[in-house]
Amino acid sequence: MDELMAKHNPWWRGQEDIAIRRWESMKTRWLPKWIKQVSTQPFSLNFVIGPRQTGKSTGIKILIQELLKQNAAESIFYFNCDFIPDIDSFKKTIDAYLEFRESQGIKSSYIFLDEVTSLPEWWRIIKGYTDLGVFENDVLTITGSSSLKLKGDAELFPGRRGKGKDISVYPLSFRDFLDVNGIKIGTTGNLEKDMKSMLKDENEILKLFSGYARTGGFPLSINEDPTAEEQFMAGFEGEILKSKKSLQLVKAVISSIMRKSPSPLSFSTVGKDIGVSYKTVQDYVETLKNLFIMDQAFYGDEKRIVWRKERKFFFLDPFIARTLSWWSGEKYLDSAFNEWLVQSHLLRKFGSVFYYRNSFEIDCIAGGLKIEIKIGKPHRAYPKDVLVIDSKILPLFLSAVL
C-alpha cells in the first residue's frame, strides 16, 4: 500500500481522521447541509464546487464517517489532488487504489477526489475509465475550487453521470450563520411578512449581524482562528498563480474596484485606472469570478440585459471583502459593503442580479425584487414596488431572503 495513499485514508488502519478531530474541536461547528445532496447510489459521478476554505474537504470527511458505519473501510478512497503533480501521477494514484481494492475483494467503492482542478486535463482519466466501465459499481465525488474548470470539464461527461449531482458549496449565508448560532429563522416566502415576524428577535439578530459582517461565512473566521486570513490568502494566491495570472495585477484590479464601488464600472474604466487594456481587466475579472471571489450585476433585468452599459462588481462574502481589502491596501465604503451583501445573497438565491438607473437608481433587481440600499433613512420617495433597505433593516432582509 502506498504510504501517502494510506495517510489520506487513516480509516484503513482504524485511525481517526485529523480533519474530523479538528472539526470536533471547533467551538462553532455544523453539519454542512450540502452533503445530503451528494448521491451515494452507484453509479454516480458527483461534482462539488466552491471556494477554498468553505469546508468542502471537511464536509467530505463527515460524509465518509457516515459511510464507514455501513461499508468496509477499504471501499472508501479519498485523495487530495493538490499532492499530485501531473496527469500521469493522477492515473497512477487511481490505478494504485483499484489494484488495492481488488486485493481486498472490494467490488464497489466510494471514491473522493478532492481539489481535482489543480490538475490540467484530469478529466481524461476519469472519462476514459468511465467509458471502459471501470467505475460502473462505484460512486465518484469530485471537488474543485474553480467553477470554470470544473463546470466546463463536467460538460465533457454527457450521459456518463449516472445518478450524480452538481453541488455548489458557498460560505454561510446570514440565515445559516444565525442557524449555527442558535437562531432558527422560519420563512413563508412572503418577504415583508417574514421580516416583520423577526422583529421579536431583532436585538439578537442585529448583534449577530455585526459578527457576520466581520467573519463572513467561513468556518475558520467564524471560529476566530488567527490563521484564517493567512490560510485564505495562501489558497487564493495559489489559485491565481495556477491560472498564470499576475498577483500584482490582481491586486490592482481589486484595489480599483474597491475604491470605485458601489458605482457602476466598465472594464475600460478599471483598465485606465491601473494602466492596462479593458480585455486584460475582463480576463482577470473572469478569473476572480471563477474562483468564487466576486461577481457582477448587469444593467437591466431578467428580461433584457443592456450589455454595453457599465456593470456593478461585488464580492461574494464579508470575509472575502475584508481580507482582500487588507491585502490590496484599499478601503471600501460602507455603502458598497452593504450593497455587496445584498447582491451576493440575491445571486445565490436567484442565480443572477441586475441594477437599473434613470431618474432614480435601483441597486438590485433579482427574482422579481427591486431593492434600493441606503446607509441611513432615504430622503426621497421610491416607487411602491421598490423595497428600500437601510442599515437597520438590512439584517432582517438577509435573514428572510436566503
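Coordinate-derived values only; no laboratory data. From a predicted model like this one, the values you see are computed outputs, not experimental measurements. No Cβ is skipped: glycine too gets one built from the backbone with ideal geometry, and neighbour counts run over all protein chains shown.
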* Asked: What is the gain in length, in nm to one decimal, between Ser210 and Lys184 on full extension, counting 0.36 nm per residue of separation less the C-alpha to C-alpha distance?
  -> 7.6 nm
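Diagonalise the Cα gyration tensor of the stretch 273-312 and give the resulting equivalent ellipsoid semi-axes, square root of 5 times each eigenvalue, largest first, whole Å.
Equivalent-ellipsoid dimensions as semi-axes: 21, 14, 7 Å.
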* Any idea what the relative contact order of the stretch 270-329 is, in percent, if you count C-alpha pairs under 8 Å spaced at least 6 apart? -> 22
* Using per-residue counts of other Cβ atoms within 10 Å, averaged over each peptide, order 130-138, 196-204, 167-175 from highest down. => 167-175, 130-138, 196-204
* **Whole-Å semi-axes of the ellipsoid equivalent to the stretch 174-401 (Cα gyration tensor, √5λ, descending)** => 29, 24, 14
* Linear extension gain, Met26 paired with Asn137, 0.36 nm per residue minus alpha-carbon span -> 36.3 nm
* Structure fact -> Magnitude of the Cβ-charge dipole (Lys and Arg +1, Asp and Glu -1) of the stretch 117-177 about the Cα centre, nearest 20 debye, reported as 140
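Would you work out the charge dipole size for the stretch 89-130 about its Cα centre, treating the Cβ of every Lys and Arg as +1 and the Cβ of every Asp and Glu as -1, and quote it to the nearest 20 debye? Before the final figure, lay out each step's value.
Working: 6 positive and 6 negative charges, 31 e Å.
Taking the Cα centre of the stretch 89-130 as origin, the dipole is about 160 debye.
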* Asked: Based on the Cβ-Cβ distance of Gln41 and Asp225, what FRET efficiency does E = 1/(1 + (r/R0)^6) give at R0 = 41 Å, to the nearest 0.05?
  -> 0.70
* Full-extension gain in nm, Arg259 to Gln70, via 0.36 nm per residue minus C-alpha separation -> 62.7 nm
* Residue (of Ala213, Leu241, Ser197) at the positive-pole extreme of the stretch 186-252, dipole from beta-carbon charges -> Leu241
* Once label points are set 7 Å from the Cα along Cα→Cβ at both Leu247 and Ile18, what is their separation, rounded to one decimal in nm? -> 2.4
* Which listed pairs, of Lys193/Lys384; Lys36/Lys196; Lys309/Lys370, have C-alpha distances above 26 Å, in listed order -> Lys36/Lys196
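With +1 assigned to the C-beta of every Lys and Arg and -1 to the C-beta of every Asp and Glu, and no other charges, what is the dipole magnitude of the stretch 174-401 about the Cα centre in debye, to the nearest 20?
That gives the stretch 174-401 a dipole magnitude of about 780 debye.
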* Under 28 Å from the Cα of Lys244 - lysines, other chains or at least 8 residues apart -> Lys56, Lys91, Lys92, Lys127, Lys149, Lys151, Lys260, Lys272, Lys279, Lys289, Lys312, Lys331
* Asked: Hey, with R₀ at 60 Å, roughly what FRET efficiency would Asp390 and Glu99 work out to, going by the Cβ-Cβ distance, to 0.05?
  -> 0.45
* To do: Tell me which residues come under 5 Å, amide H to amide H, from Ile76 once H is placed; ignore anything under 5 positions away on its chain.
  => Tyr110
* Structure fact -> Per the charge dipole of the chain (beta-carbon charges, Lys/Arg positive, Asp/Glu negative, Cα centre), the residue among Gln37, Gly162, Leu398 reaching farthest to the positive end is Leu398
* Structure fact -> Of Phe350, Phe292, Phe47, the most mobile residue in a GNM of the chain (C-alpha springs, cutoff 10 Å) is Phe350
* Angle, helix 56-68 long axis vs. longest principal axis of the chain, Cα atoms, 0 to 90°, nearest 10? -> 40
* **Sequence-separation-based contact order of the chain, relative, with Cα cut under 8 Å and 6+ spacing, percent** => 16
